Protein chains: 2
Amino acid sequence: MATNLRIDKERLWSSLMDSAQFGATAKGGIRRLTLSDEDKAVRDWFKAACEAEGMTVEIDALGNMFATRPGTDPDAAPISFGSHLDTQPAGGKFDGILGVLAGLEAIRTLNAAGYRTTAPLTLINWTNEEGARFAPAMMCSGVYAGEIGLDAALATTDNDGKTFGAELDRIGYRGTEPVGARRFGAYIELHIEQGPILEEEAKTIGIVTGGQGILWFDGTITGKDSHAGATPMTMRHDALAALAEVILAIEAIAFDHAPGGRATVGEVFALPGSRNTIPGTTRFKADFRHPDAAGLTAMEADLNARLAAIATRRKVEIDLTPVWRKDPIVFDPAIVGAVAAAAEKNGYAARDIISGAGHDAFYLASTCPTGMIFVPCAGGVSHNEEESTTEDECAAGAQVLLDTILEVDGR
Amino acid sequence: MATNLRIDKERLWSSLMDSAQFGATAKGGIRRLTLSDEDKAVRDWFKAACEAEGMTVEIDALGNMFATRPGTDPDAAPISFGSHLDTQPAGGKFDGILGVLAGLEAIRTLNAAGYRTTAPLTLINWTNEEGARFAPAMMCSGVYAGEIGLDAALATTDNDGKTFGAELDRIGYRGTEPVGARRFGAYIELHIEQGPILEEEAKTIGIVTGGQGILWFDGTITGKDSHAGATPMTMRHDALAALAEVILAIEAIAFDHAPGGRATVGEVFALPGSRNTIPGTTRFKADFRHPDAAGLTAMEADLNARLAAIATRRKVEIDLTPVWRKDPIVFDPAIVGAVAAAAEKNGYAARDIISGAGHDAFYLASTCPTGMIFVPCAGGVSHNEEESTTEDECAAGAQVLLDTILEVDGR
């Protein structure tokens, strides 16, 4: 089953740079929020590119896009691969996008060589991987896997109160296929590492063996609005000073659960929002990670205890709502082995790695044999307009993706 | 010069409740931001009410409104009084509004009695006292007094980038009178205390002897955006965790300068604003108060030292811009004495008090003999939709305002 098919490095890079025009920012990044006009534009472009390669593009009821190339055995379960084309509000050119366009490059390489796989191949663009506009992240692969409800997903609102369903209709990407109707024989996702490990150890390929668990909370702190000049310091119920303690407590929890624990407050709002009014209401959105389920649970217990103490001492109310929990996952040994074989065949320096970020592959893992491939990104920087992966690194990832697909197909 | 003119309690309350319709919120407060549609509506209503009382309403180049009732001596310097009709984003029905409408009630009482003062009387609605939409507060009395530049005021932008000048044109309140062209023989401002002291001591009238100094800063913290899941805790440059320390440092500075010091962070912004991205940039707006100029200066020095330490330890940059300083002020003894005499004449329990909040009277004090009258507000709560002052308290304040005007006129 070994082949000598080589992906086209320049062609891959060219399609990456073409896609970066949709939502391009002045600083060289991308702002392409889920179901925005920019998301619609990149979807239209991607659909046309797949159809130009003879693929059939189908859309499910959440806008997940499936582009299929037939195999020689119509009864074989399709081998799937891909990632996502949406970005963070100030995101980069590679996060998600590389996995989709490397998949397109694999198809182009097979087409150019006239090579037919046994199983059909399905290239996927998952809707709303980022969760930046509509929480949670990986929402639509979550519904696909049956772990998130379809109606709940459609009813999710952004900060302006717009629903996911209405925005999906607005951009014309609500398809008729029931979510989760199609199943695959395998799912393989190439992604940038979004962390510093591969770069530090000079490895080209990360053989991803599993992923951290994730826990998300929304919080509201209620104190009392009052005048900044006329209210004595001792009579305040300052919801922002309380939030400041919450932010530092959340950071401290991660250090208390080192080295696996990570915790971040990414969004805050202070109301009514006037310099000379003590904020009476604040809101925050927090993200916790741990490689072990027990660690995640312990962090949650610590959070509840610390917040209760702050609420009592500060004389404010703190309401905490868990909005999402994704337990740590372990990828399929056969797919992990195929990735390792593909890396070795190409002579790339590689190492096993646990994913710090969440990916659609985490949900797919409950539906079919799943694995991931990482390539380095400069400084480990991601979710940032400066996100950077070289042309050679992208090409290496795409080559390993193609060879993994062929390895899985050949079994 | 003593008269027995009595203001009409019901008429005053009725006009307060009428004005509360412009920008009314569901919780019984008011959202009437400077130069908004609601601000225009209350101005139109106020102008018509003044004209119905035979007053001449003139508008200066910043939209400050001057309604004049002639006196018997056309050469006498007018006695002025008033306050502001704009509110905080979630403000109450009395802050500023009471001072304007009690002035209107004084005029109505004089008209009903056919009583002519010697000096002309000028009732004023100052534009943008709150500073909530366009910083700083008391902007237009500040320009009137020559302490803020006209062009700077007109060029001030709100959080959406709209300029004060363009919004003034949009609502049709840019007048032709040069700002500061008219001068007064006195200025008297009635206001709710916005603090808890009068209520706690069961006093009806606060004889305001002066006001705290105020210092405003804008701050920006620059760290580095990166992925919340993939970035180790030890490799972060988290601009929001740094902001949390800044908020707590600012609070601590106020306690270090007790009992006079007060400090508040009222607005914060975290960018890019995504739960699973470590914020790379945060902004904050802070307010410091102290009854002594030296105390204010010492607080500023403490702030710079503490922020430098946080920036170094957190490996972020913190840029701090002073946007406004108003030194503490002392009101004119003759006006303060007239307020005390008016309170005593009416048998109201009264005490001397220093204003915790800033007021347009602070700027007027540099242009003519100036004083203020305070009435209690429930729980000392202000800058809040629950702000509450009773019908009797409002009436007492209006009566003392009228009697102070007559006392000053009779000298």
Gyration tensor on Cα atoms of the stretch A:137-269, a ≥ b ≥ c root eigenvalues, a/c under 1.5 rounded, else prolate if a/b beats b/c, else oblate, says oblate
Measure of exposure for B:Thr389: accessible area at 1.4 Å probe, Å² rounded to 10, is 0 Å²
Sorting from shortest, the nanometre distances separating the label point of B:Thr157 (7 Å past Cα along the line to Cβ) from those of the same residue in the other copies are 3.0
To the nearest Å², the heavy-atom accessible area per residue of the stretch B:213-326 with 1.4 Å probe amounts to 33 Å²
The long-range amide H neighbours of A:Gly82, using H built 1.01 Å from N in the peptide plane and a cut-off of under 5 Å, are A:Ile124, A:Ile188, A:Leu190
Probe 1.4 Å, all chains present, heavy atoms only: B:Thr118 accessible area in Å², nearest 10, is 60 Å²
In the stretch A:328-364, the chymotrypsin sites (Phe, Trp or Tyr not before Pro) that sit in a DSSP loop and have at most 11 other Cβ atoms within 10 Å of their own Cβ are none
Expected field for A:Lys285, accessible surface area in Å² at 1.4 Å probe radius, rounded to 10, holds 40 Å²
For B:193-199, A:49-55, ranked highest to lowest by mean beta-carbon neighbours within 10 Å, the order is B:193-199, A:49-55
Expected integer from the mean partner chain Cβ neighbour count at 10 Å over A:216-226 is 3
Given B:250-263, B:369-382, the highest-first ranking by average Cβ count within 10 Å works out to B:369-382, B:250-263
Order by accessible surface, 1.4 Å probe, largest leading, for residues B:Ser366, B:Ser36, A:Ser388 comes to B:Ser366, A:Ser388, B:Ser36
Phi angles of the stretch B:397-411, converted by Karplus (6.51 cos²θ - 1.76 cosθ + 1.60, θ = phi - 60°) into ³J(HN,Hα) in whole Hz with x for Gly and Pro, give x, 5, 5, 5, 4, 4, 5, 5, 4, 5, 4, 5, 5, x, 6
Most fluctuating of A:Thr277, A:Thr117, A:Thr209 in the GNM of chain A (C-alpha, under 10 Å) is A:Thr277
Note on the stretch A:304-411: contact order normalised by length, alpha-carbon pairs under 8 Å, 6 or more apart, percent, works out to 29 percent
With only helices counted (DSSP H, runs n ≥ 4, each -39500 (n - 2.57)), the per-residue ellipticity at 222 nm for chain A, to the nearest 500, works out to -11000 deg cm²/dmol
So the angle from the long Cα axis of helix A:9-19 to the longest Cα principal axis of chain A, reported in degrees to the nearest 10, equals 40 degrees
Expressed as a whole number, the average count of other chain Cβ atoms within 10 Å around the Cβ atoms of B:371-383 is 3
Of A:Arg174, A:Arg182, ordered by accessible area with the largest first and a 1.4 Å probe, the sequence is A:Arg174, A:Arg182
For B:Ser382, other-chain or 5+-apart residues with amide H closer than 5 Å (H placed, Pro excluded) are A:His227
Restricting to Cα pairs under 8 Å and 6 or more apart, the percent relative contact order of the stretch B:213-326 works out to 44 percent
Within the under-11-Å Cβ sphere about A:His237, not counting A:His237, Lys/Arg +1 and Asp/Glu -1 give a net charge of +1
Spelling it out for B:Thr87: with amide H atoms placed in the peptide plane at 1.01 Å from N, the residues 5 or more places away or on another chain with amide H under 5 Å from its amide H are B:Arg32, B:Leu33, B:Thr34
With Cα springs under 10 Å, the Gaussian network model of chain A assigns the largest mean-square fluctuation among A:Gly223, A:Gly92, A:Gly210 to A:Gly223
In degrees rounded to 10, the 0-90 angle between helix B:37-52 Cα long axis and the longest Cα principal axis of chain B is 10 degrees
Mean other chain Cβ within 10 Å across A:238-245 is 6
Largest-first ranking of B:Asp169, A:Asp160, A:Asp238, B:Asp302 by accessible area, probe 1.4 Å, whole protein assembly kept, is A:Asp160, B:Asp169, B:Asp302, A:Asp238
What a careful reader reports for the chain B Cβ nearest the rotation axis onto chain A, distance rounded to whole angstrom, is B:Ala244, 2
Once normalised by the length of the stretch A:72-154, the mean sequence separation of its alpha carbon contacts under 8 Å that are 6 or more apart gives a contact order in percent of 33 percent
Here the stretch B:235-247 yields Karplus 3J(HN,Hα) values (6.51, -1.76, 1.60; θ = phi - 60°; whole Hz; Gly and Pro given as x) of 9, 8, 10, 7, 6, 7, 4, 5, 4, 4, 5, 5, 4
Expected vector for the stretch B:307-318, Karplus 3J(HN,Hα) from phi with 6.51, -1.76, 1.60 and θ = phi - 60°, integer Hz, x for Gly and Pro, equals 5, 4, 5, 5, 4, 5, 5, 8, 6, 10, 9, 10
Reduced to Cα centres, the span from the stretch B:120-194 to the stretch B:2-23 in Å works out to 24 Å
Under a Gaussian network model of chain B whose springs join Cα atoms within less than 10 Å, the largest fluctuation of B:Arg351, B:Arg275, B:Arg31 belongs to B:Arg275
Rounded to whole angstrom, the alpha-carbon centroid of the stretch A:324-347 lies from that of the stretch B:328-404 at a distance of 74 Å
So, over other residues within a Cβ distance under 12 Å of A:Gly337, counting Lys, Arg +1 and Asp, Glu -1, the net charge is -3
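The values are calculated or read from the model by the stated rules, or taken from the named source; none is laboratory data. Nothing here was measured: the structure is a model prediction, and the numbers come from that model. So basically every Cβ, Gly included, is an ideal-geometry build from the backbone, and we count neighbours across all protein chains shown. We work out accessible area using only protein heavy atoms, side chains counted, and drop any ligands, DNA or RNA first. Shrake-Rupley method; radii C 1.70, N 1.55, O 1.52, S 1.80 Å.
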